[in-house]
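Report on one structure; see the data block that follows.
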Amino acid sequence: MQIPEDLRYAPNHEWSRVEEDGNVRIGITDFAQDALGDIVYVDLPEVGKVFASGESFGEIESTKSVSDVYAPIAGTVVAVNERLEAEPELINAEPYGVGWMIVIEADDVSALDGLMHATAYREMTVDD
């Protein structure tokens, strides 16, 4: 299971990466995509939608279940991964790469400090 060191992790298995422009790219972790199984559909928000931290921003449907995906940080959606509409399996193939879900202009990027580092996330998923 991949757990990149440069990301922050939410308890609901979302990851966050601060981009060079200060925006925050978000997706689900390798652990989450593996637990879901084959992903067949992704419902993502429109650009411009505002989310509070912890609010559901979309759904992922797999062969096993349907799961909400939560914003690990408050902000406004500035980009969505439109490729996922036709190729939701990209999340299974590369959850930290081409399988990203949204980019948010964060209300306060320092809020990411409250999320887990890789070591803490690794410890949490070993217990699951």
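Coordinate-derived values only; no laboratory data. The model shown is predicted, which means the values in this text are computed figures rather than measured ones. Because the Cβ atoms are built from the backbone with ideal geometry, glycine has one as well, and the counts that use them run over all protein chains shown.
Backbone N atoms of the stretch 48-84 closer than 15 Å to the 7 Å Cα→Cβ label point of residue 19 belong to residues 48-49, 75-84. If you run the Gaussian network model on the chain, springs between alpha carbon atoms under 10 Å, then out of 111, 32, 79 the most flexible one is 111. Using R0 = 25 Å, the C-beta based FRET efficiency linking residue 34 and residue 119 works out to 0.80. Go through the stretch 36-128 and name the chymotrypsin sites (Phe, Trp or Tyr not before Pro) that are in a DSSP coil and have 16 or fewer other Cβ atoms within 10 Å of their Cβ. For chymotrypsin sites (Phe, Trp or Tyr not before Pro) across the stretch 36-128 that sit outside H, G, I, E and B with at most 16 neighbouring Cβ atoms in 10 Å, the list is empty.
Phi-derived couplings, Karplus 6.51 cos²θ - 1.76 cosθ + 1.60 at θ = phi - 60°, listed residue by residue for the stretch 13-29: 6, 9, 10, 9, 9, 7, 7, 4, 7, x, 6, 10, 8, 9, x, 9, 6 Hz, with x used for Gly and Pro. A helix-only calculation puts the chain at -4500 deg cm²/dmol for mean residue ellipticity at 222 nm, using -39500 (n - 2.57) for each DSSP H run of at least four residues, averaged over all residues.
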